[in-house]
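Chemist: Structure in structure tokens, see below.
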Amino acid sequence: MKHFINLKDIPAKDLRKILIDAKKRKNVRKKLNNLEIDKGAPLKGKLLIQMFEKSSLRTRLSFFLAMSQLAGRALTLRRDELHISEGGESIEDTAKILSNFGDAFMLRTDSDEKLEEFKKYLSIPIINGLSPSSHPTQILSDIFTIEEIKKKPVSKLNISWIGDSNNVLNSLIAASIKFSFKLNIGCPKNFQPNKEILSYIKNSKNKIFICDDPKIAATSADVIFSDKVISMNDKVDKIKKLNDFKRFKINQKLMSFAKNNCIFLHCLPRGTEVDEKVFSSNQSKVWIQALNRVHVQKSILLYCFGKLR
Ligand code: CP
Ligand code: NVA
């Protein structure tokens, strides 16, 4: 049984196997409708239980489609409708029930500790569907999107992140180390990654550079990533933070420092960090990026079920 909690804890060869499988599966689905089942119906009879403690559009839909296409089913729970919420039922008891009724559990949570506690008591795989410290299914899918569009291994590309040091960036940093790609991070000095992440970067000896000049971060980029300045449950002075990030807005001027064929990616939903012109330009690949979540999550599920080909 394999869990999918953080990219940094998953061997690079397994991450690559997931991407290879996703590519093969995507290629043979071109003429199929959303709910048509992949050949071999690999997760026939299996149930994914997914629970959201925070809002989600893409993650919930893509896991639903992923399970459907693999011939399984997905059931979505809301935390506020369970006894674990107001009724005080423990994670241990909840996890035992989830393990008896379901075959895998996907959790979007406001606490990294909760993921670990569920993992301790579950006897089925757990998948992290976003936590305060990471968003691994998103970033693995984004690596897939980059390689699909650029038709090159990500290790041969310059990747830039211009924006907040948040959960999505932490997973991108882990991906940079696992897949050995150059990563330039541009963010205000007081919003740099935390100490734990900085020491992870330092120990990795990978090519990750952090600066507080968005133009330097964008220079020669093949891919520019951004994300909302204010993440869900971000307990900050929002007006002040948005003001601190004003210089980091992705606009056409900033894009001009990157390579001519640079693409723009954003996990969505968006805020004010990207200009409408860039967001709706040909360089922006955000819609294909969102759709690819289905394909990569199918292979993540198969990895967790021990059924990756
Ligand atoms: N990118 C992403 O995870 O979107 P949702 O929050 O809508 O699931
Ligand atoms: N960093 C964002 C990602 C949303 C998908 C958040 O945590 O709100």
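The values are calculated or read from the model by the stated rules, or taken from the named source; none is laboratory data. Here the structure is a predicted model, which is why all the values come from computation and not from measurement. As a convention, Cβ positions derive from the backbone with ideal geometry for all residues, glycine included, and neighbour counts pool all protein chains shown. When the accessible area is computed, the model is the full protein with side chains, heavy atoms only, and any ligands, DNA or RNA have been set aside. Shrake-Rupley method; radii C 1.70, N 1.55, O 1.52, S 1.80 Å.
Chemist: Restricting the search to region 266-278, which residues are within 15 Å of ligand 1 (Cβ to nearest atom) and either surrounded by fewer than 23 Cβ atoms within 10 Å (Cβ to Cβ) or among the charged types (D, E, K, R) (or both)?
Modeler: Residues of region 266-278 within 15 Å of ligand 1 (Cβ to nearest atom): 266-271, 273-274.
Hits for region 266-278 are L268, P269, R270, G271, E273.
Chemist: Looking only at strands (runs of 3 or more DSSP E) that lie completely in region 181-292, which have at least 1 residues being in contact with a Cys (Cβ under 9 Å, 6 or more places away or on another chain)?
Modeler: Values: elements: 182-186, 208-211, 223-226, 263-266.
Answer list for region 181-292: 182-186, 208-211, 223-226.
Chemist: The conditions are (1) open to solvent by 60 Å² or more (accessible area, probe 1.4 Å); (2) more than 30 Å from S155 (Cα to Cα), and K13 fails exactly one of them. Which is it?
Modeler: Unmet for K13, out of (1) open to solvent by 60 Å² or more (accessible area, probe 1.4 Å); (2) more than 30 Å from S155 (Cα to Cα): (2).
Chemist: Against the definition (away from ligand 1 (no atom under 16 Å from the Cβ) and of a type in the set (S, T, N, Q)), how does N233 come out, yes or no?
Modeler: no
Chemist: Answer yes if at least one residue in region 191-212 is modelled with pLDDT of 95 or more, under 26 Å from L242 (Cβ atoms), of a type in the set (A, V, I, L, M, F, W, C) and within 16 Å of ligand 2 (Cβ to nearest atom), and no otherwise.
Modeler: Yes; the residues of region 191-212 include at least one that is modelled with pLDDT of 95 or more, under 26 Å from L242 (Cβ atoms), of a type in the set (A, V, I, L, M, F, W, C) and within 16 Å of ligand 2 (Cβ to nearest atom).
Chemist: What strands (runs of 3 or more DSSP E) completely inside region 46-162 contain at least 2 residues that are buried (at least 16 other Cβ atoms within 10 Å of the Cβ) and within 16 Å of ligand 1 (Cβ to nearest atom)?
Modeler: 47-52, 73-78, 104-108, 126-128
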